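Heads up, the thing below is written out as structure tokens.
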Amino acid sequence: MTEKTSRASGDEAVREAGPVGAPVVLGNEPGSFARGVLAKRHPALIQQVRDAFPYGRQQHEALDALLDEITNGVVQPLAPADHDHQRWAAWGQEHFGRSWYDAPFLWAESYFYRRLLGAVGYFGPGPWQGVDPFAPFKQAELRGDAVDEELRALDALASASAEERATALLHASLWGNRADLGFSMSAGEPELRDAATSALVADDSAALWQLLPGGTSATVALVADNAGRELIPDLVLIDHLLEHGHAEQVVLHVKPYPYYVSDAMTADVVDCLRRLTQAPGEAGRIGGRLWKAMAVGTLEVRTHPFFCAPLPYEEMPEDLRGEFASATLTILKGDLNYRRLVGDQLWHPTAPFADLTAYFPGAVAALRTLKSDVIVGMEQGAPDALERSGTAWRTSGTHALIQVRR
């Protein structure tokens, strides 16, 4: 399926060439989504992080230098004293000294966040060591009124049938920050249900539930994406899987350190669990059950350095491969996980999802709102119809998918 040449990098390797006929996404095409991220989103994020904390002169100077580098300069390597210098030296040796725009988009995004963390002193030593530069953004969202409304919606959902709840909660987890739409699906609002369904470019939800019948002894691995308002629906779905016998254990995989602004870490899981347990009604009951599930081990949180690596899942290390192999089903949430699952490459949208994920060590499901160019597994003719609509359907977050490979 693929052509590749690899070089060793500890326990991992870098894929040099992707599948034939699927160019790797770069950031050097004018007007492309990738170029917009590198040219606009990343500089804006540097300013937002700078404004969010009372950083000192050292952090300000480092942030200014990073902004100048990504705007006007070439990619610089990490300092030899950095703890992960050797890994990034291997991963990026072909990109150092070149424009950020000429590097693979997946690599450039990942390295930008590593450099941003270095600039603010996250890896230390120093007083800012371990301080999440994105925490204010996550916490503000978690405290927002929208979360209150979504948690209250769980009260109405509690009286629905188990099947209706399963569908609603799966869609809530899928849509993330459009969770209110998912919760409303079983509350007697067919127009919302129809809108959610029609916005799916692929829907293998029936296959997902077939892998997780009630009364099973299944283990589910759920690889989280974003924290805050998007992680709460994931936790509520986990509670449903455990409470209704779709899984005997759920392992929630999160990032080991801050990544991509809003990506979930263990601290974010704790914040969301506290938000649930302190809520009234059904949300509080769900939070209490999840808190107990953590204590007895039916819900376990794990992490792995690979989740912050600029590599596709095809290059996952053996210990992580073993974890996924032991799961009945691995659910990968979000856009970045999808890009790493199928390869951050310009596939034809009808390229078979099953073929591109055949390497994965077990059944895998992707729950993803479309926020980047990569898309596979669509029915013939469907991409053309969406293109004729004139909308940015691949990148705007207005469409989503549920794809399963058994």
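The values are calculated or read from the model by the stated rules, or taken from the named source; none is laboratory data. Since this is a predicted model, take the numbers as computed values, not measurements. Don't worry about glycine lacking a Cβ; one is built from the backbone with ideal geometry, like all the others, and counts go over all protein chains shown.
Within the stretch 237-257, the set of residues being in contact (Cβ under 8 Å) with a residue 60 or more places away in the chain and in contact with a helix residue (DSSP H, G or I) (Cβ under 6 Å, 6 or more places away or on another chain) comprises L237, H240, H244, A247. Take the residues in the stretch 364-406 that are among the small types (G, A, S), part of a loop (DSSP other than H, G, I, E, B) and within 15 Å of the chain's Cα centre (by Cα); name whichever of them is modelled with the highest pLDDT. Across the stretch 364-406, the extreme among qualifying residues is S372.
Quick one: would you say A354 is in the same structural domain as I238 (by TED's automatic domain parsing), touching a Ser or Thr at 6+ places or on another chain (Cβ under 8 Å) and not acidic (D, E)? The answer is no for A354. For the stretch 149-159, state whether one or more residues are more than 28 Å from A206 (Cα to Cα) and either in contact (Cβ under 8 Å) with a residue 60 or more places away in the chain or not hydrophobic (A, V, I, L, M, F, W, C) (or both). Yes, because at least one residue in the stretch 149-159 is more than 28 Å from A206 (Cα to Cα) and either in contact (Cβ under 8 Å) with a residue 60 or more places away in the chain or not hydrophobic (A, V, I, L, M, F, W, C) (or both).
One residue stands out in the stretch 46-86 among those that are of a type in the set (V, I, T) and not in a helix (DSSP H, G or I): the one that is surrounded by the fewest Cβ atoms within 10 Å (Cβ to Cβ), namely V74.
Residue-by-condition table, conditions (1) hydrophobic (A, V, I, L, M, F, W, C); (2) at pLDDT below 95; (3) assigned by TED's automatic domain parsing to the domain that holds T266; (4) under 18 Å from the mean Cα position of the chain (by Cα):
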position	(1), (2), (3), (4)
G284	no, no, yes, no
R289	no, no, yes, no
A295	yes, no, yes, no
E300	no, no, yes, no
P305	no, no, yes, yes
C308	yes, no, yes, yes
Y313	no, no, yes, yes
E318	no, no, yes, no
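Evaluated against (1) surrounded by 20 or more Cβ atoms within 10 Å (Cβ to Cβ); (2) without any contact (Cβ under 8 Å) to a residue 24 or more places away in the chain, A366 falls short on exactly one condition, (2).
Take the stretch 206-254 and flag every residue that is in a loop (DSSP other than H, G, I, E, B), small (G, A, S) and surrounded by fewer than 21 Cβ atoms within 10 Å (Cβ to Cβ). G214, G215, S217, A218, G245, listed by residue number. Just a yes or no: is a residue in the stretch 187-205 in the same structural domain as G245 (by TED's automatic domain parsing), buried (at least 24 other Cβ atoms within 10 Å of the Cβ), under 20 Å from W393 (Cα atoms) and at pLDDT below 85? Within the stretch 187-205, not a single residue is in the same structural domain as G245 (by TED's automatic domain parsing), buried (at least 24 other Cβ atoms within 10 Å of the Cβ), under 20 Å from W393 (Cα atoms) and at pLDDT below 85.
Inclusion of P133 among residues that are outside any helix (DSSP H, G or I), loosely packed, with under 15 Cβ neighbours inside 10 Å and out of contact with any Cys (no Cβ under 9 Å at 6 or more places or on another chain) is not warranted. In the set (1) in contact with a helix residue (DSSP H, G or I) (Cβ under 7 Å, 6 or more places away or on another chain); (2) of a type in the set (S, T, Y); (3) farther than 30 Å from R87 by Cα, Y313 fails one condition alone, (3). When we screen Q93, Q86 for residues that are touching a residue at least 24 places away in the same chain (Cβ under 8 Å), among the polar types (S, T, N, Q) and either over 16 Å from L26 (Cα atoms) or in contact with a helix residue (DSSP H, G or I) (Cβ under 6 Å, 6 or more places away or on another chain) (or both), the only hit is Q86.
Filtered by the rule that a residue be part of a loop (DSSP other than H, G, I, E, B) and surrounded by 13 or more Cβ atoms within 10 Å (Cβ to Cβ), the stretch 30-45 gives a lone residue, S32. Applying the set (1) without any contact (Cβ under 8 Å) to a residue 40 or more places away in the chain; (2) surrounded by fewer than 23 Cβ atoms within 10 Å (Cβ to Cβ); (3) not hydroxyl-bearing (S, T, Y) to M378 leaves exactly one unmet item: (1).
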